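Notes follow once the structure below has been shown.
The values are calculated or read from the model by the stated rules, or taken from the named source; none is laboratory data. On a predicted model such as this, the values are computed, not experimentally measured, just so you know. For neighbour counting, all protein chains shown are included, and Cβ atoms are generated from backbone atoms with ideal geometry for every residue, glycine included.
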Amino acid sequence: KNRVNILGTEFDNFTEKQFHHYLDMDLDNKANKFIVTPNPEIVLSARKDTRFSKIINNADYVIPDGIGIIKGAKSLGTPIHERITGFDTLKYLMSAANRKLLKVYLLGAKPEVIQASADKIKKDYPQIDLVGFHDGYFKDAGIIAEEIAETKPNIVFVALGSPKQEFFIDKYHERTNAIWIGVGGSFDVFSG
Ligand code: UDP
């Protein structure tokens, strides 16, 4: 893998166009993939948390979400092609799911935010098969993971904030061949 190390976090170094091409192939192959989109804040918190750092570096895609990452890479003499945000990746995956008639599951955010996100999908991405959604304030993660697996999604968006969402995906994603992505506060923006 062509990765660039920024303070311990190993970022993929490709263009957004190449990344989207890989995602299209993964969706067509029903591959099981884990995407993390660290910003500078996450890089710094991973430096202090070995478990979190390992989870990030073992993910299938580690995407530079923030101009600070691009600037840091350049100043270290190991430039990265371009910034790719989690939010833009969410939007790309939504349009790909709409185009390919895929199953999507949404997890996280407040109840009214996730409901509004589900409504937006039904309106703006009518060909997505929204197989389920749940807010991010649950007690038993195992039950939620079971529910997700039963719906057999192609894409699972997890918005629990970091590192909670990465811990969740790391623990449960092997059960379901899907693209799993931690999207932080993206539903708060997507739903509005
Ligand atoms: N969130 C959640 N469950 C939690 C904690 C947070 O669903 O136990 C949601 C919160 O509602 C928000 C999202 O996680 O929609 C991201 O939170 P935050 O902005 O704190 O994280 P970041 O985007 O900085 O990773």
- [ ] Within the stretch 123-141, identify whether any single residue is assigned to a helix (DSSP H, G or I), under 18 Å from the mean Cα position of the chain (by Cα), at pLDDT 95 or above and more than 11 Å from the ligand (Cβ to nearest atom), and answer yes or no.
- [x] no
Open item on the list: Whether any residue in the stretch 176-190 is more than 14 Å from the ligand (Cβ to nearest atom) and either surrounded by fewer than 19 Cβ atoms within 10 Å (Cβ to Cβ) or farther than 11 Å from residue 105 by Cα (or both) is what I want to check.
Closed with: yes
Task: residue 92 being aromatic (Phe, Trp, Tyr), under 19 Å from residue 25 (Cα atoms), out of contact with any Cys (no Cβ under 9 Å at 6 or more places or on another chain) and away from the ligand (no atom under 16 Å from the Cβ) - done: yes
Task: Filter result for the condition that a residue is crowded, with 20+ Cβ neighbours inside 10 Å and not charged (D, E, K, R), over 67, 42 - done: 42
Task: Options 98, 32, 57, 13; residue that is touching an Asp or Glu at 6+ places or on another chain (Cβ under 9 Å), over 29 Å from residue 127 (Cβ atoms) and more than 16 Å from the ligand (Cβ to nearest atom) - done: 57
Task: Number of the condition not met by residue 83 [criteria: (1) surrounded by 15 or more Cβ atoms within 10 Å (Cβ to Cβ); (2) touching a residue at least 24 places away in the same chain (Cβ under 8 Å)] - done: (2)
- [ ] Only residues that are polar (S, T, N, Q) and either at pLDDT below 95 or outside any helix (DSSP H, G or I) (or both): list them for the stretch 54-112, please.
- [x] 78, 85
